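Presented below is the structure to which this report refers.
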Amino acid sequence: MTIYEVARHAGVSIATVSRVLRGTAPVAEQTSARVRAAAQALHFTPNRLGRSLAEGRHAANGIVFPDLVGPYYAEVVLGYEEAASELGSSVLILATGRRRDAAAAVVELAGRVDGLVIMGNTVDDATAAGIAAGGVPVVLLAREPLAGIDTIRTRNAASAKVLAAHLVEHGHRRIAFLGDPAGSPDVAGRFAGLAAGLRAAGLPAPEPVSCGLETAAGEAAAAVLLDGDRPDAIVGANDEVALGALLAAAAVGLRVPDDLAVTGWDDVLAARFAGLTTVRQPMRELGATAARWVHRRIAERTADPNRPLAPARRRILPTQLVVRRSCGHHGTPGGS
């Protein structure tokens, strides 16, 4: 059965059948009942792909990541796919980390999806703004806002200040930061908050020790750091970097937390097993919120392409310092 048979059976146009079954516009109750009765009598099930083709849609949303390696990205993807599936959309995923033509790949993906989530520094602002200006609904995830585009982030600087205050309160004075603020808006926010917290306590802000966000990168950077005038605390840009620092400390015989405190960010599962002090952020909720927001923008544009879109939304999801044994002080301070 097709929508045409339903329309003939109910004595209405296919546009009316579409409005009734999709609920996109008001239809007289008597007409609506006739359409639904016809659909039920003919055992008609709307074909999502066919409906999307008829509407000039792709039946898929896209999400662009810097990389797909590591538990953080896995959690965000799970949240995104789960929410998108509940909303009836499939998902196309693009990782730009090892691409020389990242911008071109993202623009090409934008032409194959109904809406696009762009995460982190995967493309420059001009590319993201150009995709949005071309009519594709765009949501930015874990990056600085752009005018007219929805943005979802987590709280970084404020929680990093709480972390700095916690370390200072417990006697740490030589505090190092492992991570590259230039490589990620999230990392930049974390370092800025840590630096502000240390300055507020009368301590100098450290120079960040640039490294990637993988465990091996954290281990290598920490090994160099611990070979000289070592700090008494290391703040990793994420949990993987911090776990690498734990490995480097063990390799030179340092005891954590007696000789060295180590903290991370994210609260991935491995951090809990390692007893790592960290900042918990809602990784799956990040992905799920992005999926819901881009779905809403697609629905707005589909319902009335000529209607001005609602103003851009901004949301900052909360994070929380979780204190474990890696800094020598148990307990969980309040979230920020």
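The values are calculated or read from the model by the stated rules, or taken from the named source; none is laboratory data. Every value quoted in this text rests on a predicted model; they were computed, and no experiment measured them. So basically every Cβ, Gly included, is an ideal-geometry build from the backbone, and we count neighbours across all protein chains shown.
Quick notes on this structure:
- Yes/no for Ala195 being in a helix (DSSP H, G or I), among the aliphatic types (A, V, I, L, M), surrounded by 20 or more Cβ atoms within 10 Å (Cβ to Cβ) and assigned by TED's automatic domain parsing to the domain that holds Gly236: yes
- Within segment 93-128, the set of residues being hydroxyl-bearing (Ser, Thr, Tyr) and closer than 18 Å to Trp293 by Cβ comprises Thr122 only.
- Of the helices (runs of 4 or more DSSP H) that lie entirely inside segment 29-122, those containing 3 or more residues that are modelled with pLDDT under 95 and of a type in the set (S, T, N, Q) span 29-41.
- Looking only at segment 213-251, and only at residues there that are more than 24 Å from Gly193 (Cβ to Cβ) and among the acidic types (Asp, Glu), the one that is modelled with the highest pLDDT: Glu219
- Hits in segment 291-310 - residues which are modelled with pLDDT of 90 or more and surrounded by fewer than 18 Cβ atoms within 10 Å (Cβ to Cβ): Arg292, Arg296
- Scanning segment 147-166 for residues that are modelled with pLDDT of 95 or more, assigned to a loop (DSSP other than H, G, I, E, B) and hydrophobic (A, V, I, L, M, F, W, C) yields one hit, Ile149.
- Of all residues in segment 246-290 being touching an Asp or Glu at 6+ places or on another chain (Cβ under 8 Å) and over 27 Å from Leu167 (Cβ atoms), the one that is surrounded by the most Cβ atoms within 10 Å (Cβ to Cβ): Gly287
- Residues that are within 27 Å of Asp125 (Cα to Cα) and part of a helix (DSSP H, G or I) do occur in segment 173-181, at least one of them.
- Subset tally (residues that are more than 18 Å from the chain's Cα centre (by Cα) and within 17 Å of Arg297 (Cβ to Cβ)) for segment 113-131: 5
- Taken together, the residues in segment 227-242 that are under 22 Å from Gly189 (Cα atoms) and out of contact with any strand residue (DSSP E or B) (no Cβ under 7 Å at 6 or more places or on another chain) amount to 1.
- The set of residues in segment 228-245 being surrounded by 20 or more Cβ atoms within 10 Å (Cβ to Cβ) and either of a type in the set (A, V, I, L, M) or without any contact (Cβ under 8 Å) to a residue 24 or more places away in the chain (or both) consists of Ala233, Ile234, Val235, Ala237, Val241, Ala242, Leu243, Ala245.
- Here Ala290 meets the list (1) of a type in the set (A, V, I, L, M, F, W, C); (2) under 17 Å from the mean Cα position of the chain (by Cα); (3) within 30 Å of Val113 (Cβ to Cβ); (4) not assigned by TED's automatic domain parsing to the domain that holds Gly148 almost entirely, failing just condition (4).
- Taking the criterion of being at pLDDT 80 or above and touching a Pro at 6+ places or on another chain (Cβ under 8 Å), the residues of segment 321-333 that qualify are Leu321, Val323, Arg325, Ser326, Cys327.
- Criterion violated by Arg143 - all others in (1) outside any helix (DSSP H, G or I); (2) touching a residue at least 12 places away in the same chain (Cβ under 8 Å); (3) surrounded by fewer than 19 Cβ atoms within 10 Å (Cβ to Cβ) satisfied: (3)
- Restricting attention to segment 209-227, the residues that are out of contact with any Asp or Glu (no Cβ under 7 Å at 6 or more places or on another chain), buried (at least 18 other Cβ atoms within 10 Å of the Cβ) and outside any helix (DSSP H, G or I) add up to 2.
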